[in-house]
Structure formats: C-alpha cells, structure tokens
Amino acid sequence: MGLVMSHALTISAATRVAVKYPGKKSIEYTLPADKDSSMPLEITRAVSGGDNLQDVTFTIIAHQTCWFNIADTIDTRMSSENCEFYMPGFWYHKNLRSPQKAPSFHTSDSWTVREDRLSTPLAGVYDSANKQGTTIIRLYGNDKLVDCVPQNLSGEVILPGETSIGATGFDNSDGQARLVCTFPYSETPKRYIRKLTLIDPIYAFQKIEKGDTLKLKWQVRRFDAPSYSDFVADTWTYSYDVQHPQPIVDAMSKENAMRYMMPYFINSYVDDYELKYFSGMRMRIDDCLNTDNYQVGFVGRVLLNAYNALEYGENNNIPELTQKAEAIFNSVLAHGFTPDGFLRENVKLKDNKESDVLSIRRQSEGVYAILSWLNYEKDKGRRHPEWEKKMKSLLDKFVDLQNVDGSFPRKFKADKTTVDPTGGSTPSATLPLTMAYDYFGNKKYLQCAKNTGRYLENKLISKGDYFSSTLDANCEDKEASLYAATAMYYLACVTDGAEKLHNLELCKSAAYFCLSWYYLWDVPFANGQMLGDVGFKSRGWGNVSVENNHIDVFIFDFATVLDKLAGHFGEERFSDFANVIKTSMLQLMPTDDNMFDIAKAGYYPEVVQHTTWDYGHNGKGFYNDIFAPGWTVASLWQMLCPERIDNCFKNQSTKYSMK
C-alpha cells in the first residue's frame, strides 16, 4: 500500500517495514521509495513542529492481517567521527569503558536496544566538533503499557501477544550518525541477556488484524550544547519535562519503613564468630538464611547498619537492637583490623578466609560508618578514644595512599602496592575525609579531600566520564556519578566563598549524570511476571551499570543532595524527583502482609530485573535468586535520615555555612 508523506521532515529520514507470516521469512519494504502494492499495510508518516523540535507520528492501517516491524532512521547530519552517543542508564560516549562482552563500540558502532533497558526511552547523538545534539524520544502519551514474553531469544520472533515496547538506538553507516526507532523492538547487532553475554540479534513482530489502525509517536529534538556534559544535563531536563514522573500515591511513611526493616537487624545478627555482624550478602531470596560472609562496605555495609540499629534501638527503647549493635562495634574494634591497621573488608568467617587485596571503596564506607557513629556518640556525651585512635591511623594511611593527581587506586594491598590503579572509586574516599576534618579538625584530611575534588573535576566531571566505582564490574556505572555528586557536596560543606560555589557547580554537573540512570517512566511487564502483577512502578529506581543491567535502590545520600541542590540553585525538578525516588523506592518492602517473593520481612530486594536481562536466574519481572539485603537496608535507611549530612559537619558549621 506504500507510505504517505504528509509533511516533509527537515531532517531526512528513511523508513523500513518488515512484514511476516507464520513459518515464513519476513519481506522487507523500504519506504517511500518502495511502491510495492503487495504490502498489506498503509502507513502515514506525519511530521509537525519546527526545525528543532518535531513530532513524528506513524499511522498504520492493516488491509490484511499480518505481523510487522517498522523502523525509522533519522539523519542527524553529523559526521560519526565527531560524535558521542547516549542512551540514558545504558550508554555513555562510546561505552569504551565497558568490556567487549558488554554493549560497546568494541563490538559495533551501531546499536538498537529495547526501550525498557533505558531510564528514558531515548537515544541521542552529540557532535563534539559543532557543539550540537540530536535526540529522539518515544512519546507514549496516555497509552496503557503492556508487554509479553517472546518464545525465542533471537532471530525473527512472532510475539505471542501485545507489547508497547519499541527500540531505539543509533546507526553509523556511511560515516554519518543516524538515530533509529523501531516498533515493536529489535536488538541489534547483538542482544545483551546477562552479565557479559551477547547473543544473536532479535527482530520482534507484532500482529495487526485486518482493518485495525495503530498510531506510534516519537519526538526529534536538535539543540546546542557546549559539551557532552551539558548535552546530558539538557537532555535530562527535557526528558523530565516530557515524562513528568509523579510520586507514588500512598507511599510508605518513614516511620513504617523503618519499623518494617527493623526485623532485619534482629534476624540477620550472627554472633558465632569473633566478628559479630548482620548477615547481608549472598543470601537466597527464598529462605534468607544467614551466611558466614562479613563485609564492612559495598554490598555488606555491616558497620553502617550497626549504627542504624543502635540509633533506632535507643530512640525506640529496643535494648535488643542496641546490644547487638554495640557487640558488633566492640568485635570490630577487637578483631576487625588487619595487622597494618586497615579494616578487614570481606571475610568468610567459617573458614577464616579473606583476600589480601583491599579496596578504597570498602575502606571508605567503613570509615564513613564509624565516623557517623562517633558523631552520634559524641552528641550523646560518649567518647571512644580507642576508636578515634584507630580512625586517625587509618585516615593517615589514606593520606599516604593518595596519588599525586588526587586519585586513589581502586584496589591495593596493605603495603600500598597498587592492584588496580583505576581512579573511578576515588569519590568514595572524599566523604570520610571531609567528615574526619570536621571531627578531628586536622587540615591534612581537608587537603586530602580537596585533592580528590581536583581529580574528580579534571578526570571525571569535566569529561562526563564516570566509571568503575562498583567493585563487581569494569564499565560506566551509576555509582561513580552518585559518589562524585555526593563527594562534591560534602566538599562544599567544608569550604567557603568561591571555592564552595565551585564545588556546588561540580556537584550539580555530576548530579545530572547520576540522574540520567534513574527511571523517569514505568516500564510494562507481562502477565505472570511478579513485578508487574504486584503493580510495581519503575520510576525513581536507578539502573546499575552497562554490565549489570538491572535496577536497584542504591541512593544513600543522593536524594538529600538533590534537595540541597534544589534549594541552592532554585531547580525544583531536583527536589520534585527526589520525592519520586523517596516514595518509589519503598514499594517492594517485604512485610507480613505482602512479602513480594522475599522469605523474610524487612529483607529488602536487591537485583530487580526490569528488562529482558538476568543476573543468572529468573529474568524480567523477578529477582535474581541470590541477593544482598545488607546494602539495600542501609541505603534506604540513609535516604530516610536526611539530617545526617548536616550532623556530620557541626564543628565547622559556623565557618562553612550552607545558607
């Protein structure tokens, strides 16, 4: 039937339609050039708007029942040689930080992926030579979103039901950068199905009955941006205004959330070994039985949860909690340090096994937790000189470990031998260093923190390059940008004048990158997929990394930082979206009334699989079978205590006012 062009698009376009019937290979038509009247579909491509913002609407009318896949290609008029690329929460620059077995330019310079992989169903190209960006975003409107489960993983797949999910991406054929959108989805040139596993591409075909009409809509935007970072920030603001995410109605209160998580501290407590701890890693979701793995940071967060339990126990007169927390701190003081004075990070206590490789992230998160607790204790009139001595010794090691450029090695040994020189974890050290300056008043900790800020500005923030903060992947990840934003805010708390303002600007720049990982929309699920069946909404949850393509509740101080930035810069989107995050992230709280497929109340889920990717088991709509509730409880607890940042900087508050 052909293609009807109702308006000439100022950016040239090509449209491909593939039609399929069961048991036969698809027939492909290129429109508008192909006038083959045998095509059973009549397709109208309508364009409205000006040169820089255009809506592209496809109307598809079926003159015969068939199965179809339509793809539109937008020529950006940019040379791919000058371009960097963007798919929020999944693709940054050229994904060259990622290994070849994950989606990246190492494998191909042209990719399309399912929209539900992306925090916004958008793809973008940035021309670094001409300082101009082009994006394409799917406009769902008020359509009811649905999905179905395909019967095959690759090849031409006839869908067994309806889906709302299309695909988007970019193509770099002939040296020109183009944006691509398809419906239903295709994933090319490879499909990413689990960690470091790429398989053959998929082309999905949806049935359309004779006489039915379907409308599909995208929006193309062209705009100027001085840098890739500005491009990402501008695109997030635009995406936020288009998606306009709202807080979850009837969200769980802070009081109820803490009350429901509190049993985790009771049931996960382990005192079988010299180190006491809350068991919080490598548990099974179907039994939540304690394991012998003690870990101070990353996915364990034993010490931060000990502080959480102590504070909650004292405030609510629950002696059992305070006793357990105090036992943990006492055991760590006695048995939780290496002979060289570093924290023992990750110990298999049954066999008393631990690696001699340490990480700046776990060390930093341990010190952060201890200083938070020491501040609390000091406010209560209780001092711990032995702990203070241990912290000073460890912080002095931080100072000695720091590189000339201000970075810290990602992994090292106690003799300061570098194992992994990558600097992406550096901002995790900024937090305890600024806190230590406030607590001890020693300016060498402040200088060390400022040195990290210099590294973050020069190597991460100015380049829009956030990588390898998480310890189980080597790639672009959310946590590097989250830590960078939080680090710059902590630095702003201990600096003044022009330096403070500069740190806040850097904080804001990093915050946009972190925000780009957080979902602005609710992805659909198929019937029978637990997350969809319980009414889960993905908005406000963050994707993890290019390697680990699931969503989680890693937030800690970032929602508080967004509220602080909103007040300083007058950007209400920050505080409004922080409210979305704070209401949405409590949706899957396991309670006696609704366990959400978790065996014990309060053990908050971790690997939430929202797209066709799995961490090893179960896939979209479910959790992985192994999880680490220690960090999820700690993250949500910290989110619910926004006053903690201010409490960390009481001693310097008169000098460094945030007002």
Mind putting a number on the dipole of region 378-440 about its Cα centre? Charges go on the C-beta only, +1 for Lys and Arg and -1 for Asp and Glu, and I need it in Debye to the nearest 20.
-> 320 debye
Helix 572-584 sits off the longest principal axis of the Cα atoms of the chain, rounded to the nearest 10 on a 0 to 90 degree scale, by 80 degrees
Kirkwood-based Rg over Rh for the chain (C-alpha set), two decimals?
-> 0.99
Cβ charges +1 (Lys, Arg) and -1 (Asp, Glu), total dipole of region 579-624, debye | 140 debye
Entries in LYS600/LYS620; LYS411/LYS444; LYS411/LYS508 that, when Cα-Cα distance is taken, lie over 25 Å = LYS411/LYS508
Positive-end extreme of charge dipole, region 368-423 - chosen from GLN402, VAL419, HIS384 (charges on Cβ) | HIS384
Heavy-atom accessible area per residue of the chain, all protein chains kept, 1.4 Å probe, expressed in Å², is 36 Å²
Rounded to the nearest 500, the 222 nm mean residue ellipticity computed for the chain from DSSP H runs (n ≥ 4, each -39500 (n - 2.57)) alone is -10000 deg cm²/dmol
Treating cross-link reach as a plain straight distance, find the aspartates and glutamates whose alpha-carbon is under 16 Å from the alpha-carbon of LYS413, omitting any fewer than eight places away in the same chain.
-> ASP340, GLU345, GLU354, ASP356, ASP396, ASP400
Enumerate the aspartates and glutamates that LYS190 could reach by cross-link, defined here as Cα to Cα under 13 Å, with residues fewer than 8 away along the same chain left out.
-> ASP109, ASP200
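Evaluated at 37 °C with a viscosity of 0.692 mPa s, what Stokes-Einstein diffusion coefficient in µm²/s does region 535-659 have when Rh comes from the Kirkwood expression over alpha-carbon pairs?
For the chosen part, D equals 205 µm²/s.
Viscosity 0.890 mPa s, temperature 25 °C: what is the translational diffusion coefficient of region 102-172 from Stokes-Einstein with a Kirkwood Rh over Cα pairs, rounded to a whole number of µm²/s? Walk me through the numbers on the way to the answer.
Numbers: Rh = 14.5 Å.
The Stokes-Einstein estimate is 170 µm²/s.
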Mind checking the angle between helix 478-493 and the chain's longest principal axis? C-alpha axes, 0 to 90 degrees, to the nearest 10.
-> 50 degrees
Considering only DSSP beta bridges with both partners in region 91-241, what is the antiparallel share in %, to the nearest 5?
-> 90 percent
Among TYR489, ASN474, TYR437, pick out the residue whose Cα is farthest towards the positive end of the charge dipole of region 395-505, where Lys and Arg carry +1 and Asp and Glu carry -1 on C-beta, about the Cα centre.
-> TYR437
Ignoring ligands and nucleic acids, what accessible area does GLU209 show with a 1.4 Å probe (Å², nearest 10)?
-> 80 Å²
Provide THR426, THR583 ordered by accessible surface of protein heavy atoms (probe 1.4 Å), highest first.
-> THR583, THR426
Kindly provide the trypsin sites (Lys or Arg not before Pro) of region 378-467 that DSSP labels as loop, not H, G, I, E or B, and whose Cβ sees at most 15 other Cβ atoms within 10 Å.
-> LYS380, ARG382, ARG383, LYS416, LYS463
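Taking the Cα centre of the chain as origin, sum charge times position over the Cβ atoms of Lys and Arg (+1) and Asp and Glu (-1), and report the length of that vector in debye to the nearest 20.
800 debye
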Can you give the three extents of the C-alpha atoms in region 331-380 along their principal axes, from longest to shortest, in whole Å?
-> 38, 22, 18
Inter-label distance for GLU354 and ASN458, nm, one decimal - labels placed 7 Å from Cα along Cα-to-Cβ = 3.4 nm
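The values are calculated or read from the model by the stated rules, or taken from the named source; none is laboratory data. Everything numeric in this text was worked out from a predicted model, so none of it was measured. As a convention, Cβ positions derive from the backbone with ideal geometry for all residues, glycine included, and neighbour counts pool all protein chains shown. We work out accessible area using only protein heavy atoms, side chains counted, and drop any ligands, DNA or RNA first. Shrake-Rupley method; radii C 1.70, N 1.55, O 1.52, S 1.80 Å.
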